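Accompanying notes for the structure given below.
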Amino acid sequence: MAEHRDRAAFIVLFDHFAPRLNAHLRRMGADAAVAEEIAQEVMVVLWRKAALFDRSKSSVATWLYRIARNRRIDLLRRDRSALIDAEDPALQPSGVPAPDDGIDARTREDKVRAAMALLPADQLALVRLAFFDGLSHSEIATREGLPLGTVKSRIRLAFGRLRKQLESDAAIDVD
């Protein structure tokens, strides 16, 4: 077949290997359509590249099954959608927020703003740079001309004060 492009020989090979490749691919987990498509592609490779086949390296069957396996792997690598579970709760739209959620969020924001207003100016400035401007501690230290340890300790102190203030507000709300 390889030397003379013998169609009759190809038909014999096709009739023999195509159903076997299809069944093999199905056993590997491919659905019927994918298995059929890959089997067809493998047979096209046989027709086009038969001259490249080296009988000393493997049998025709081994060569064709290896091509089928590799095509299946390539298809799986390209099709990442199979890895996504459409029923995953993270992919579901969020529900309609409860009416009191917005009120709770605004109340929380007001309390955080009030607690931040009580921070010393040097701590407040560093917290804003870190959390509102997104700067790293090293960037803040360079920008403000402060040692890195000072930046870290002031931010840590600010968080301690914020936590203490917010916890005392929460205790008041419960009472």
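No value in this document is a laboratory result; all are computed from the given coordinates. Since the model is a prediction, treat every value here as computed from it, not as a measurement. Cβ coordinates were reconstructed from backbone atoms using ideal geometry, including for glycine residues, and neighbour counts include every protein chain displayed.
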Subject >> Assigned charges on the beta-carbon of Lys, Arg, Asp, Glu; segment 113-174 dipole about Cα centre (debye) >> reply: 140
**OP:** Check the chain and count each lysine pair with an alpha-carbon distance under 25 angstrom, considering only pairs eight or more places apart or from different chains.
**Re:** 4
Original post:
How would you rank Glu167, Glu37, going from fewest to most other Cβ atoms within 10 Å of each one's own Cβ?
Top reply: Glu167, Glu37
Original post:
Under 5 Å between amide H atoms, partner at least 5 residues away or on a different chain: which partners does Asp6 have, H built in plane at 1.01 Å?
Top reply: none
Original post:
Along the positive direction of the dipole of segment 113-174 (beta-carbon charges: Lys, Arg +1; Asp, Glu -1; about the Cα centre), which of Leu146, Ala158, Gly134 reaches farthest?
Top reply: Leu146
**OP:** Using only Cα atoms, locate the centre of segment 31-47 and the centre of segment 127-168, then give the distance between them in Å, rounded to an integer.
**Re:** 61
Subject >> Estimated D of the chain in µm² per second, where Rh is the Kirkwood radius over Cα pairs and Stokes-Einstein applies at 4 °C, 1.567 mPa s >> reply: 56
Subject >> Relative contact order of the chain, pairs being alpha-carbon contacts under 8 Å that are 6 or more residues apart, as % >> reply: 15
Subject >> the chain, helix-only ellipticity at 222 nm - DSSP H runs n ≥ 4, -39,500 (n - 2.57), divided by all residues, nearest 500 >> reply: -23500 deg cm²/dmol
Original post:
Can you work out ³J(HN,Hα) from phi for every residue in segment 119-127, in order, using Karplus 6.51 cos²θ - 1.76 cosθ + 1.60 and θ = phi - 60°, giving whole Hz and x for Gly and Pro?
Top reply: 6, x, 4, 5, 6, 4, 4, 5, 4
Original post:
With charges only on Cβ, +1 for K and R and -1 for D and E, what is the dipole size of the chain about its Cα centre, in debye, rounded to 20?
Top reply: 1180
